[in-house]
1. Could you list all residues from region 208-236 that are part of a helix (DSSP H, G or I) and exposed (fewer than 11 other Cβ atoms within 10 Å of the Cβ)?
2. Can you tell me which residue is farthest from residue 30 (Cα to Cα) among those in region 75-89 that are modelled with pLDDT under 95 and either touching a helix residue (DSSP H, G or I) at 6+ places or on another chain (Cβ under 8 Å) or part of a helix (DSSP H, G or I) (or both)?
3. Please enumerate the residues belonging to region 161-188 that are in a loop (DSSP other than H, G, I, E, B) and either under 22 Å from residue 11 (Cα atoms) or touching a strand residue (DSSP E or B) at 6+ places or on another chain (Cβ under 8 Å) (or both).
4. Determine, yes or no, whether residue 125 is over 22 Å from residue 20 (Cα atoms), modelled with pLDDT under 95 and surrounded by 14 or more Cβ atoms within 10 Å (Cβ to Cβ).
5. Tally time: how many residues in region 13-29 are touching a residue at least 12 places away in the same chain (Cβ under 8 Å) and touching a strand residue (DSSP E or B) at 6+ places or on another chain (Cβ under 9 Å)?
6. Residues of region 137-150 being part of a helix (DSSP H, G or I) and surrounded by fewer than 22 Cβ atoms within 10 Å (Cβ to Cβ), which ones?
7. Given (1) buried (at least 19 other Cβ atoms within 10 Å of the Cβ); (2) closer than 18 Å to residue 233 by Cβ, where does residue 81 come up short, assuming only one miss?
8. When you scan region 161-178, do you find a residue that is without any contact (Cβ under 8 Å) to a residue 60 or more places away in the chain and surrounded by fewer than 12 Cβ atoms within 10 Å (Cβ to Cβ), even just one?
């Protein structure tokens, strides 16, 4: 049994995005710190805690910070989410209240563009990777994977809004009325949407993402010194 302390948790996935329905899983996500010295500054590592039976997944603090440095969207969601929070501590408040030190504009842009490109290939099944059974069934029934269409649109809109407002909109339905309604309708009524129309929309959003990135008024650079300060703040009580 790994000895850890959870410092932040929330409902992720469709619950975080406002896209949940009766069939949605309850995805618990969060951040933890190790409480054993061997895993704090020893040679052992324990970077994530997963319980598949309950759809629970937590990142260790330093792993979480490295993911933010790479523009990982799940890490961004943990920074910006405002709803469905299950656990907030003094450590997570310290991190989230000063989140702008942990952002890197260029990396976020490149990551979101890369994710959207990947989703486009999966939407029609034109991918070298393995397709899940649900995606295969959706492509056979509707001509496209509506889940991946929703992901692509959501991620691109998140980036556009981020570069326009300096806020990352986790709950797309609440924070982006027009496209929130659209993405929810695609998910719940995929038969009402044409794959070519959706791919054209995604292409338009890719262009707008680039334009808003290039015209951004705020530029963030990941602050490594501050990340180290966070690690010290969260781990100092165990370094003895």
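The values are calculated or read from the model by the stated rules, or taken from the named source; none is laboratory data. Since we're looking at a predicted model, the values are computed, not measured. Cβ atoms come from the backbone with ideal geometry, glycine included; neighbour counts cover every protein chain shown.
1. Passing the criteria: 214, 225, 232, 236.
2. 83
3. 167, 168, 169, 170, 171, 176
4. It is true that residue 125 is over 22 Å from residue 20 (Cα atoms), modelled with pLDDT under 95 and surrounded by 14 or more Cβ atoms within 10 Å (Cβ to Cβ).
5. Residues flagged as touching a residue at least 12 places away in the same chain (Cβ under 8 Å) and touching a strand residue (DSSP E or B) at 6+ places or on another chain (Cβ under 9 Å) within region 13-29 amount to 6.
6. Scanning region 137-150 gives 137, 138, 139, 140, 141, 142, 147.
7. Of everything listed in (1) buried (at least 19 other Cβ atoms within 10 Å of the Cβ); (2) closer than 18 Å to residue 233 by Cβ, residue 81 misses just condition (2).
8. yes
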